[in-house]
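Heads up, the thing below is written out as structure tokens.
Readers should treat all values here as calculations from the given coordinates under stated rules, not as data from a laboratory. Note that the coordinates shown come from a computational prediction; the quantities given were computed from them, not determined experimentally. Here the Cβ positions follow ideal geometry from the backbone for every residue, glycine too, while neighbour counts run over all protein chains shown.
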């Protein structure tokens, strides 16, 4: 019988995050690719909405605005993203995938798609679908 701590949502979410991170890191390394889950999310977002700035990227991937700069800096250093002066706001920098960034993302997408089932492997397909519905509801903005 689980103790009260083992049924707390925060504890279970932390454990699931640990599992998700471990599976992601293992499968990406096996690929072999060199991306973190946040870097993958950033590349994916930029492929869908090229030209956004760092603040928009942070909002799009639900990442801390204070540390998104480090993520972008690493992606620029890897040659996967380029920063250009925004045409609408000279103070802002627009972000775009480089051809290498597109290639890296194209290589990572099928790996990331496949590993999703492994994260929830203890659930049936129906339970996994229900989990997704409930998790999306839990993280939706509260009015």
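Of the helices (runs of 4 or more DSSP H) lying entirely inside the stretch 1-73, those containing at least 3 residues that are free of Cβ contacts under 8 Å to residues at least 24 places away in the same chain and within 15 Å of residue 111 (Cβ to Cβ) span 9-30. Within the bounds of the stretch 83-92, is there any residue that is more than 22 Å from residue 17 (Cα to Cα), touching a residue at least 40 places away in the same chain (Cβ under 8 Å), more than 17 Å from the chain's Cα centre (by Cα) and not in a helix (DSSP H, G or I)? The answer is no, given that none of the residues of the stretch 83-92 is more than 22 Å from residue 17 (Cα to Cα), touching a residue at least 40 places away in the same chain (Cβ under 8 Å), more than 17 Å from the chain's Cα centre (by Cα) and not in a helix (DSSP H, G or I). Return the residue satisfying two criteria in turn: it lies in the stretch 94-122 and is over 18 Å from the mean Cα position of the chain (by Cα) and surrounded by fewer than 18 Cβ atoms within 10 Å (Cβ to Cβ), and of such residues it is farthest from residue 37 (Cα to Cα). That would be 122.
Name the residues in the stretch 124-143 that are farther than 21 Å from residue 61 by Cα and more than 22 Å from the chain's Cα centre (by Cα), would you? Result: 124, 125, 126, 127.
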